[in-house]
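Working notes, beginning with the structure itself.
The values are calculated or read from the model by the stated rules, or taken from the named source; none is laboratory data. If you're wondering where the values come from, they're calculated on a predicted model, not measured in any experiment. Here the Cβ positions follow ideal geometry from the backbone for every residue, glycine too, while neighbour counts run over all protein chains shown. Just so you know, the surface numbers come from the protein's heavy atoms only, side chains and all, with ligands and any DNA or RNA stripped out. Shrake-Rupley method; radii C 1.70, N 1.55, O 1.52, S 1.80 Å.
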Amino acid sequence: MQKAEQVLIDGGTSVDELMRRAGQGAAQMIWRISADQPTLVLCGPGNNGGDGYVIAQWLLEKGVDVCVAAPLEPKTDAARHAKSLWRGPTLSLAAAQTAAQFVDCLFGTGLTRAVGDDWFDHFMRLFTGARRRVAIDLPSGVESDHGTLLNEIQPFDITIALGAFKPSHFLEPARSMMGDLVGIDIGIEASSQLAILPKPRLSGPGPHDHKYSRGLVAVVAGAMPGAAQLAALAAQKSGAGYVKIFAPSGFPAPHSSIVVETVADVDELKQKLADDRISALVVGPGLGRDDHANALLDAALTTEAPLLIDADALMIAGSGFCELVAGRMAETVVTPHAGEFARLTSDSLADKIDDSRKLAAQSGCHILLKGSDSVIASPDGAASISALSCPWLSTAGTGDILAGIIASRLASGASGYRAACEGQWLHSRAARLAGPAFTPEMLIDQLPATLQECL
Ligand SMILES: NC(=O)C1=CN([C@@H]2O[C@H](COP(=O)(O)OP(=O)(O)OC[C@H]3O[C@@H](n4cnc5c(N)ncnc54)[C@H](O)[C@@H]3O)[C@@H](O)[C@H]2O)[C@@H](O)CC1
């Protein structure tokens with residue numbers, strides 16, 4: 001983002017002009033949602049504060065009863081210029097009174113440490129006394145890149161992001177402080193190795209496609225049949241041409257179209273996995289964690305097809321994970337939740353994006369770190385954050401479904417990173433369509449409609 005701003009500035013667009021676009025865009029948004037509510041704008045010393053003076057002046061010209069509170073004079077040229085154009089009253093923090101609407105321009109992306117108590121106590125007084133609270137770019141107290149809270153703030157009603165979304169708009173715990181999140185275009189083309197997951201663009205089968213060209217997904221089943229069945233069903237309803245489960249005898253097929261191939265032992269599994277028509281393999285959901293499960297995982301790792309590793313397989317692999325996957329030539333996607341991730345790295349999770357990137361680079365695998373703020377990282381350093389979150393996904397079976405969706409995307413020929421990104425988006429979107437309190441089957445049933453949206 002800062003690089004993108006610099007390109008514009010080098011090309012002749014002044015910081016004043018960017019600030020004018022940002023402030024006016026934000027003011028118009030505020031005007032649309034709250035019209036003439038009496039408003040207090042809290043302006044800090046940096047360019048975020050400068051945005052605040054632009055917003056305040058724009059609202060004043062609309063006839064709004066607006067006041068600025070500022071703890072310090074502006075420190076940047078652009079913010080000084082914005083203040084020079086402000087025609088309304090400016091009060092100290094201590095003198096400022098609460099207003100119906102509170103607009104927070106104390107700090108944006110430049111916050112480097114917690115806001116001190118002398119300012120923060122007033123900040124909270126003015127915040128608490130307002131009926132509507134609007135944060136400009138980022139709520140003060142939130143650092144911009146890692147989702148970290150530097151102060152104990154409370155949720156805003158709306159956050160207006162300027163120019164581009166920052167990682168903390170989507171990473172917890174910061175994300176929960178944003179309220180409704182909207183973006184303002186100020187003419188900056190942000191390009192970075194960190195992306196917000198876009199809606200996938202998929203194509204359906206062509207006239208010459210058949211079940212194998214659309215992709216054969218195989219699932220290695222273990223001790224708990226339900227999880228492997230869900231992964232298989234999800235793969236099927238995400239568009240795979242053919243879905244098979246390799247399972248011990250007596251394993252129930254989840255649907256008459258899904259083939260269950262009995263494997264008597266690990267050697268037989270290895271033989272079946274040598275079938276080069278297999279386009280993607282899933283191992284982990286319901287695998288179990290005993291010696292037999294361990295041997296099934298070893299067998300699965302012999303496949304030359306793209307591989308999705310999840311759940312029990314990750315718990316078995318533990319800190320030996322990187323060694324275990326070291327020899328793999330085909331794409332490998334790994335989908336741990338935070339607990340499984342900590343098991344793979346033998347360390348607690350400090351920074352979702354950096355830690356996922358590190359594990360991806362060390363292992364050569366694509367890592368999808370699951371959570372309400374899922375992060376996907378690739379060995380080449382690319383990373384994406386999911387902006388679609390659905391807290392109703394926090395229920396048993398949904399991870400197995402995600403594994404099946406990603407496997408079907410791998411089977412269609414997508415790269416590991418792309419399959420993980422597409423799978424994550426489809427999963428979250430299906431959850432939104434399923435509404436509250438869904439069963440795994442209800443979630444799976446939404447997958448065709450979700451695919452339809454992406455064709
Ligand atoms: N750079 C640009 O061209 C544009 C920036 N814009 C705005 O500018 C913001 C970033 O501006 P800045 O980089 O000036 O950053 P901020 O306005 O967030 O504040 C930075 C200033 O606060 C100080 N500071 C940081 N943490 C502090 C703390 N805990 N207590 C006291 N002082 C502290 C810093 O030393 C620095 O002086 C964005 O979030 C956005 O709102 C927009 O106006 C669009 C254009």
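Quick check on R125: is it away from the ligand (no atom under 15 Å from the Cβ) and more than 20 Å from R20 (Cβ to Cβ)?
yes
Any chance you could count how many residues in region 74-93 are outside any loop (DSSP other than H, G, I, E, B), aliphatic (A, V, I, L, M) and away from the ligand (no atom under 11 Å from the Cβ)?
1
What about R214, is it more than 26 Å from L443 (Cβ to Cβ), basic (K, R) and in contact (Cβ under 8 Å) with a residue 40 or more places away in the chain?
No: the conditions fail for R214.
Every residue in region 193-228 that is in the same structural domain as A264 (by TED's automatic domain parsing), open to solvent by less than 40 Å² (accessible area, probe 1.4 Å) and outside any strand (DSSP E or B), please.
Hits for region 193-228 are G215, A221, G222, G226, A227, A228.
Which ones in region 32-60 are away from the ligand (no atom under 16 Å from the Cβ), touching a helix residue (DSSP H, G or I) at 6+ places or on another chain (Cβ under 7 Å) and in a helix (DSSP H, G or I)? Break it down into steps so the answer makes sense when it comes.
We begin by selecting, within region 32-60, every residue away from the ligand (no atom under 16 Å from the Cβ); these are 32-40, 59-60.
Those left that are additionally touching a helix residue (DSSP H, G or I) at 6+ places or on another chain (Cβ under 7 Å): 39-40, 59.
Of everything in region 32-60, just one residue is away from the ligand (no atom under 16 Å from the Cβ), touching a helix residue (DSSP H, G or I) at 6+ places or on another chain (Cβ under 7 Å) and in a helix (DSSP H, G or I), namely L59.
With the requirement that a residue be in a strand (DSSP E or B) and either more than 30 Å from A383 (Cβ to Cβ) or touching a Lys or Arg at 6+ places or on another chain (Cβ under 9 Å) (or both), what does region 97-141 give you?
Q101, F102, V103, D104, R132, R133
Output the residue which, of all residues in region 94-122 that are near the ligand (Cβ under 8 Å from one of its atoms) and more than 28 Å from the chain's Cα centre (by Cα), is surrounded by the most Cβ atoms within 10 Å (Cβ to Cβ).
Looking at residues that are near the ligand (Cβ under 8 Å from one of its atoms) and more than 28 Å from the chain's Cα centre (by Cα), I get W119.
State all residues of region 142-177 that are in a strand (DSSP E or B) and hydroxyl-bearing (S, T, Y); if no residue qualifies, say none. Explain how you work it out, then say what you get.
Initially, region 142-177 is screened for residues in a strand (DSSP E or B), giving 142, 149, 158-162.
Listed by number, the list holds a single entry, T159.
So L171 clears everything in (1) within 16 Å of the ligand (Cβ to nearest atom); (2) in contact (Cβ under 8 Å) with a residue 40 or more places away in the chain; (3) not small (G, A, S) except one condition, right? Which one?
(1)
Looking at G364, G435 in this structure, which one is closer than 20 Å to V283 by Cβ and surrounded by fewer than 22 Cβ atoms within 10 Å (Cβ to Cβ)?
Unique residue meeting the criteria: G364.
Conditions tested, residue by residue: (1) of a type in the set (G, A, S); (2) on the phi < 0 side of the Ramachandran plot; (3) without any contact (Cβ under 8 Å) to a residue 60 or more places away in the chain; (4) touching a strand residue (DSSP E or B) at 6+ places or on another chain (Cβ under 8 Å).
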site	(1), (2), (3), (4)
V66	no, yes, yes, yes
A95	yes, yes, yes, yes
C105	no, yes, no, yes
M124	no, yes, yes, no
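Which numbered condition in (1) closer than 21 Å to A35 by Cβ; (2) polar (S, T, N, Q); (3) in contact with a Ser or Thr (Cβ under 8 Å, 6 or more places away or on another chain) is the only one that T159 fails?
Single failed check for T159: (3).
Where the second residue is among the charged types (D, E, K, R) and surrounded by 15 or more Cβ atoms within 10 Å (Cβ to Cβ) and the first is in the same structural domain as R133 (by TED's automatic domain parsing) and lies in region 23-37, which pairs have Cβ atoms under 6 Å and are six or more apart or on separate chains?
Final answer for the pair search is G23/D51; S34/R132.
State whether one or more residues within region 367-386 are surrounded by fewer than 23 Cβ atoms within 10 Å (Cβ to Cβ) and in a helix (DSSP H, G or I).
no
Out of S346, S394, S378, S386, I need the residue that is touching a Ser or Thr at 6+ places or on another chain (Cβ under 6 Å), in the same structural domain as Y242 (by TED's automatic domain parsing) and at negative phi. Which one? Working first, answer last.
Details: S346 fails: at negative phi; S394 fails: touching a Ser or Thr at 6+ places or on another chain (Cβ under 6 Å); S378 fails: touching a Ser or Thr at 6+ places or on another chain (Cβ under 6 Å).
None of the others qualify; the one that does is S386.
Within region 243-276, can you find the residues that are among the hydrophobic types (A, V, I, L, M, F, W, C) and in a helix (DSSP H, G or I)?
Matches in region 243-276: V266, L269, L273.
Would region 252-269 turn up any residue that is under 32 Å from the mean Cα position of the chain (by Cα), farther than 17 Å from G397 by Cα and in contact (Cβ under 8 Å) with a residue 40 or more places away in the chain?
Among the residues of region 252-269, not one is under 32 Å from the mean Cα position of the chain (by Cα), farther than 17 Å from G397 by Cα and in contact (Cβ under 8 Å) with a residue 40 or more places away in the chain, which makes the answer no.
Run down D276, D310, D298, D290 and say which single residue is touching a residue at least 12 places away in the same chain (Cβ under 8 Å), among the acidic types (D, E) and surrounded by 23 or more Cβ atoms within 10 Å (Cβ to Cβ).
Only one candidate passes the filter, namely D310.
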